[in-house]
Amino acid sequence: MSRELLPVATAARTRAVLFDLVRPHRALALGGFAVMVVATSIGLLTQPLLGSIVDLVDAGEPAAAITAPVLALVVVAVTQGGAMTLGLALVSRLGETVLARLRERFVDRAMRLPLEQVERAGSGDLTARVTGDVSLIAEAVRVALPEMARSGLAIVLTLGALAILDWRFLLAALVSVPVQWHTARWYVRHAGPLYARQRVAGGAQQQQLLDTIGGATTVRAFRLEAGHTARVAERSTTAVDLTMRGVNLVLRFYSRLHIAEYAGLAAVLVAGFFMVRSGAASIGTATAAALYFHSLFAPVNTALVLIDDAQSAGAAMARLVGVVDLPEPAALDRPAAPRIEVSGLGHAYDEGRPVLHDVDLTIGAGERVALVGASGAGKTTLAKLIAGIHRPSNGTIAVPGEVGMVTQDVHVFAGPLADDLRLARPDATDADLREALTRVDALTWAETLPEGLATVVGEGGHRLTATQIQQLALARLILADPPVAVLDEATAEAGSAGARVLEKAIETTVEGRTALIVAHRLTQAAATDRVVVMDGGRIVESGPHDELRSSGGRYASLWAAWSGVRPTSENPLE
């Protein structure tokens, strides 16, 4: 299946979002910049002090004469180190604050993406953005941003110091600028698209790995190992090829920078030679000029090399901003009507392959409706559309208030059981948690856990049974207290005994709510107010259990088949 990747923001939009993130922290940005200007300016006293020592030695002064400049060098080093540390700390704080805000925006928007959009893009695309791209930006913020700020200031102020020594030294130093400028433009032109392609290739590689590993059982069962291995190898080869092209680009970049350094230093030394010979400058001044230019090697190279990190981080940030900027889906019509109204509903996951056809359904306020039918009839799709997880291809859905949904696949979050329950209602007290657990008949086992409600569950914690996990989900639903509940085969993963426990818990959970129950077991359907039968994406029957059971239609056939394979003890209506 071809992937429709999540969007990537333009460079202009990415810059606009960055400025928007920085704007509330202008004072912090200005403070950090000012402190770093002071620190860099102090550091520029080093070269003249060394030049003065050279002049003193050249003049034949006694050794004691250099004591003052040496002590001054010590003061400069200590003062500059302290000021630079403070400045870098302020800049790093700014970067981390901005990164945190961007991450929060991204996660908030990603959590509310329509499920079908994530499925079309593939989970690998979203996973690569939330892991690799965020990590890349974080590394740039923690390393590249402070170094770029320090290097930029050092370059500007050092060139100014060269001009103060003599404008001819500055002119000689500028010999290297055309080569550096051309190198930077060449690199940016080639690096931006290359790194963007690397990020996309990384997402595709991760998606293929997820597909292959996640479906390992199916892959082995149908002997598809060779095909999947070939696809993984193909996407890995693409990613490696792009990485090696990036390495080659960086090597060529460095070689051009070395040419610029040698040309500039030679120009400054030649200028110094002629100026000293003509008496226009002392040996110490020429020495200071050469040291100034030599001190530019590190910041210039750092600034230009950091273009590499900036390009990578820029490509990563564009991918995050592309998700952040996605328009919010229009809210479902949720009037204050006392019932759910579904009219002319149709839906297709893939264009041209509809799974629902012109579905009309009304669920009255407080009514409990069971949705039954063979596998593939469209039950789960209809339930997800009513819950708002998918957007319908056509038709309308009017839902009164918020909807809570429980499916057969429930995630247990790592952490204390109480925290897991409070995800549904953060302000819930321990008494509220116990009441919710009591209503789903789960308090007894919860309190017998090693540390009661404080027991760590989920990944690396206490292992819960399938029945307990579903009880946990139902307790969350009670705590959230939505007026509408949608349950999609919530007893499917439990055994016979567990299913009976869950059916009782479900009956308690939906009490007083408008409920749609996708029934895996027809005993659930028998306990509801009305049964809706689906077949081939359409509603083919609707009515009370007893009426449909005796009508001789589709539901009667399903019930007969169900009753024929169930023990009498599990079939109370037989």
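The values are calculated or read from the model by the stated rules, or taken from the named source; none is laboratory data. Keep in mind it's a predicted model, so treat the numbers as computed, not measured. Virtual Cβ from ideal backbone geometry, glycine too; neighbours counted across all protein chains shown. Heads up: the accessible areas ignore ligands, DNA and RNA and are worked out on the full protein's heavy atoms, side chains in. Shrake-Rupley method; radii C 1.70, N 1.55, O 1.52, S 1.80 Å.
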Check your understanding: Any residue in the stretch 47-65 that is in a helix (DSSP H, G or I), of a type in the set (S, T, N, Q), touching a residue at least 12 places away in the same chain (Cβ under 8 Å) and over 30 Å from residue 314 (Cα atoms)?
Key -> yes
Exercise for review: Determine if the stretch 454-473 includes at least one residue that is at pLDDT 85 or above, open to solvent by 30 Å² or more (accessible area, probe 1.4 Å) and under 17 Å from residue 404 (Cα atoms).
Suggested key: yes
**Study point:** Residue among 374, 414, 365, 436 that alone is under 31 Å from the mean Cα position of the chain (by Cα) and on the phi < 0 side of the Ramachandran plot
**Key:** 414
Check your understanding: Are there any pairs, at least 6 apart or on different chains, whose C-beta atoms fall under 8 Å, with the first in the stretch 159-178 and of a type in the set (Lys, Arg) and the second surrounded by 14 or more Cβ atoms within 10 Å (Cβ to Cβ) and part of a helix (DSSP H, G or I), and if so, which?
Key -> 168/271; 168/275
Practice item. Report yes if residue 179 is part of a helix (DSSP H, G or I) and under 26 Å from residue 121 (Cα atoms), otherwise no. Key: no
Review point. Of all residues in the stretch 392-411, how many are surrounded by fewer than 16 Cβ atoms within 10 Å (Cβ to Cβ), part of a loop (DSSP other than H, G, I, E, B) and not small (Gly, Ala, Ser)?
Key: 3
Practice item. State whether the residues of the stretch 203-223 include one that is assigned to a loop (DSSP other than H, G, I, E, B), modelled with pLDDT under 85 and surrounded by fewer than 14 Cβ atoms within 10 Å (Cβ to Cβ). Key: yes
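Tally time: how many residues in the stretch 525-552 are in a helix (DSSP H, G or I) and either of a type in the set (A, V, I, L, M) or surrounded by fewer than 19 Cβ atoms within 10 Å (Cβ to Cβ) (or both)?
Result for the stretch 525-552: 5.
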Point to revise | Pair list, Cβ under 7 Å, 6 or more apart: the stretch 76-98 residue without any contact (Cβ under 8 Å) to a residue 40 or more places away in the chain, other residue open to solvent by 40 Å² or more (accessible area, probe 1.4 Å) and outside any helix (DSSP H, G or I) | key: 76/45
Review point. In the stretch 131-146, is there at least one residue being at pLDDT 80 or above, over 28 Å from residue 85 (Cβ atoms), small (Gly, Ala, Ser) and in a helix (DSSP H, G or I)?
Key: no
Check your understanding: Is it true that some residue in the stretch 413-425 is aliphatic (A, V, I, L, M), surrounded by fewer than 19 Cβ atoms within 10 Å (Cβ to Cβ), over 18 Å from residue 499 (Cβ atoms) and touching an Asp or Glu at 6+ places or on another chain (Cβ under 6 Å)?
Key -> yes
Practice item. Could you tell me whether residue 429 is of a type in the set (S, T, N, Q), touching a His at 6+ places or on another chain (Cβ under 6 Å) and without any contact (Cβ under 8 Å) to a residue 60 or more places away in the chain? Key: no
**Study point:** All positions within the stretch 14-26 that are open to solvent by 50 Å² or more (accessible area, probe 1.4 Å) and within 10 Å of residue 94 (Cα to Cα)
**Key:** 26
